[in-house]
DNA sequence: AGATACCCGAGTAATCCGGTCAACTTTACG
DNA sequence: CGTAAAGTTGACCGGATTACTCGGGTATCT
Ligand code: FES
Ligand code: FES
C-alpha cells in the first residue's frame with residue numbers, strides 16, 4: 001500500500017466515472033476536462049485500473065470506460081492497490097517472516113508500522129466509491145481503540161493535514 | 001503529517017532513548033551504534049526533536065540527550081510531527097478553509113483524504129513511546145467503524161505492507 | 001476509409017530524500 | 001587554561017522516484 005498523488009488522481013477519476021455512470025462509456029477526454037488532469041496521464045492510470053479489473057474499456061468511436069463493478073462494490077483500497085503497486089518496504093523485508101533488520105529479531109518499531117499500515121488499509125477498504133460520490137465519508141467518527149494518554153489536553157482534534165505526497 | 005522513513009528513524013531513536021533512560025544523558029553515538037544509523041543523520045533528527053520540545057540536550061563531555069517527557073507521555077504522533085513538518089499538500093490548500101482545487105468547492109475526494117489523515121493521526125497519537133518499547137502495540141485490534149462492503153470475501157486480512165517510503 | 005478512442009512503452013524534467021561534511025559552540029575535566 | 005567530548009548549524013550531494021509527456025499502434029464505429 002502506497003499513498004502517492006497518483007493514487008489520489010486515480011480515485012478522483014474513478015469518482016468522476018462513477019458520477020457520470022449512465023450505461024454509456026465515458027471517454028478519458030471527458031474525465032480529463034472535468035478533473036483538469038492530462039489525458040496522457042489518465043491513459044497510464046486507466047491502463048492499470050483496467051488490468052486490475054476495476055474498469056472495462058470499449059474501443060473505437062463511442063468508446064470509453066465503464067465501471068466493472070458497481071460503485072458500491074468498489075473499495076477505495078482496490079483503486080489505490082491497483083494503481084500503486086505494493087513496492088515492498090525499505091528495511092523491513094516482508095518476505096521473510098522473521099526480523100527485517102540485519103539479523104536480529106524485528107526491531108521495536110516493526111509492530112507499530114505494521115499496525116499502522118493495517119489501519120490505513122482497513123480504513124480505505126471500509127469506504128466505497130459510492131460513499132465518496134455521495135459525500136458519505138464519516139466525519140471523524142471511527143475512533144481507534146485506545147484513547148490517547150490523558151495528558152496534553154485537547155490536542156486530538158481535527159488534524160487532517162496529511163501530506164500523502166509532495 | 002508526513003510518513004517518511006525519516007519519521008521511522010526518529011521513532012527508532014526515541015525508542016532506543018526510552019529504553020536506555022537512566023537519568024544520565026545518552027549520546028547520539030551510542031544510539032547510532034545500537035540502531036545502526038549514521039551519527040550525522042541523527043544529529044539532524046535530534047535537532048528537530050529538541051526544537052519540538054521532545055528531548056532535552058546536555059552539552060559538553062558526559063552530555064547527550066534526555067527524554068523531555070516520560071515515555072508514557074510521549075506520543076508517536078508528536079515525534080512524527082516534530083521530525084517531518086507538515087509540508088502542506090499538493091492541490092488541496094489547507095490554508096484556505098474552502099475548496100482547494102481551482103476555484104470550485106472542494107473536490108469529492110477531499111473529505112476522504114482529510115478523514116484518512118485524521119485516522120492516521122488518531123492512531124499514532126493513541127500509541128505512546130512506552131507502548132512501543134513494551135511491545136504493547138495492539139495487534140490488528142482496533143477496527144474502524146463501518147465494515148467493508150460484504151463482498152469479495154476474505155480480502156480484509158492482514159494487509160500490513162504499507163510502503164511509507166521507497 | 002477515416003475518425004475516434006483506447007493501448008502501450010519509452011523518455012524526461014523535476015523533485016525529493018536519505019545521508020554527508022565541515023565548521024562552530026558549549027562544557028567537563030585535569 | 002587547554003583540550004577533548006559532546007551538541008548545533010547549515011550547506012551540500014547523488015541517486016532514486018515521481019509525475020507527466022510523446023509518439024506510434026490497434027481496435028471499431030460510421
Ligand atoms: S521494521 Fe520490521 S523489523 Fe524493523
Ligand atoms: S483535495 Fe481538497 S478540495 Fe480537492
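Read the figures in this text as sums done on the coordinates, not as results from a lab. Values in this document were obtained by computation on a predicted structure and should not be read as measured data. Note that we place each Cβ from the backbone using ideal geometry, even for glycine, and neighbour counts take in every protein chain shown.
Summary table below
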item	result
Packing-based exposure ordering (other Cβ within 10 Å, fewest first) of B:9, A:41	A:41, B:9
Footprinting exposure proxy for B:20, A:110 (fewest neighbouring C-beta atoms within 10 Å first)	B:20, A:110
Spacing of the two label points (7 Å from each Cα toward its C-beta) at residue B:56 and residue B:136, in nm	2.4
Cα→Cβ-extended label distance, 7 Å offset, between residue B:85 and residue A:85, nm	3.8
Theoretical FRET efficiency, 1/(1+(r/R0)^6), r = Cβ-Cβ of residue B:44 and residue B:22, R0 45 Å, to 0.05	0.95
